[in-house]
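Worksheet: one structure, shown below.
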Amino acid sequence: MGNVEMNNHKTTDAAPLPAPASWIGPAAFALLAFAANSIFCRLALVHGDIDPHAFTAVRLLSGALFLVCLVRLRQPGKALGGSWKGGLALFLYAWLFSIAYVRLGAGAGALILFGAVQITMFAWSCLKGDRVQPRVLAGMLVAFAGLIALLLPGANAPAPLSALFMVISGIAWGAYSLIGKGSANPLGDTTGNFLRSLPLLAVPALVVFATGQFHLNGHGLLYAIASGMLASGAGYAVWYGVLRQVSAQQAATMQLSVPVIAALGGVVLLGEPLSLRLAVISAVVLGGVGMALGSKRPQS
């Protein structure tokens, strides 16, 4: 398959939206993978087990290796897809994501990231002429308001430069998701994008060479491999399959559940307390996401 263009929506926008039963399970898996990336990255960086540049390199390399093995088992002899646009967007997202999480908490980072993702995908949808359904817009506003209520009151303001890096990372991930809207071969395209991201690792390698920031231990390596193979490689391939079956607006709103999932993952995996406030606001956010996903596909 050749390069996938952002404006190639003939098959996805014209077709009726499949029943949620066909994509809700894969979507849930992908969103859990996105939340796991935040947790793995924060665990690896918070105690200095690995530097952000090495984390990015191991994450993309292990993800590419996993996907190449998987695609050769499931699609032997079939040409890989993807595009250089997809590879660049993936690299920028992963690298800036890691740099930002050095100083951002998992919840705050996820809010900034997926807030930028949502704005990017909604803006693109409006620019290409999609009508925003009132129910989708209402669901998005409810979910986003819940996230603000969860993270802003009483929280320290995030470091400005780290927040900026995470915003750019979110824009890159939004672009990556939009590119995937035209994917007819999610596994092959994801593999091709990962492989195209690898030459770009020369950029963080130069940064490490110039600054001498490289450090890595066993725990950091394991977290980065888990992020690359499971949360990124498998999760992103499944996400590209989901993107064929939902609108850009729904895909954007759906991802607003990730900060809540990451926060709840912190309770289960990191021993963080579960407050009544967290439980109530989590229900509000997920309710808003459900409202948006219950709508029909918007027409151009």
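Each reported figure results from applying straightforward, stated rules to the coordinates on display, with no laboratory input. All values reported here derive from a predicted model rather than from experimental measurement. Neighbour counts run over all protein chains shown; Cβ positions are idealised from the backbone, glycine included.
Calculate the spin-label point distance for residue 269 paired with residue 47, positioning each point 7 Å from the Cα along the beta-carbon direction, and give it in nanometres.
1.4
When 53, 215 are ordered from fewest to most other Cβ atoms inside 10 Å of their Cβ, what list results?
In increasing order of surrounding Cβ atoms, one gets 215, 53.
Please give the contour-minus-distance gain from residue 184 to residue 149: 0.36 nm per residue of separation, less the Cα-Cα distance, rounded to one decimal in nm.
So the chain would gain 8.8 nm between residue 184 and residue 149.
Quote to one decimal, in nm, the extra length available between residue 209 and residue 123 on full extension: 0.36 nm per residue of separation minus the C-alpha distance between them.
Stretched fully, the residue 209-residue 123 segment lengthens by 27.1 nm.
Quick check on segment 189-247: take the gyration tensor over C-alpha atoms, sort the square-rooted eigenvalues as a ≥ b ≥ c, and tell me if it's rounded (a/c under 1.5), prolate or oblate.
It is oblate, given that a/c is not under 1.5 and a/b is not larger than b/c.
Can you sort 126, 41 from fewest to most other Cβ atoms within 10 Å of each residue's own Cβ?
Lowest count first: 126, 41.
Cα gyration tensor of segment 58-198, axes a ≥ b ≥ c as square roots of the eigenvalues: rounded (a/c below 1.5), prolate (a/b > b/c) or oblate?
oblate
Only Cα pairs under 8 Å and at least 6 apart count here; give the relative contact order of segment 174-285 as a rounded whole percent.
40 percent.
What is segment 142-255 by shape, rounded, prolate or oblate, if you read a ≥ b ≥ c off the alpha carbon gyration tensor as root eigenvalues and call it rounded for a/c under 1.5, prolate for a/b larger than b/c, and oblate otherwise?
In terms of gyration-tensor shape, oblate.
In nm, to one decimal, how far is the residue 28 label point from the residue 222 one, both placed 7 Å along Cα→Cβ?
2.8
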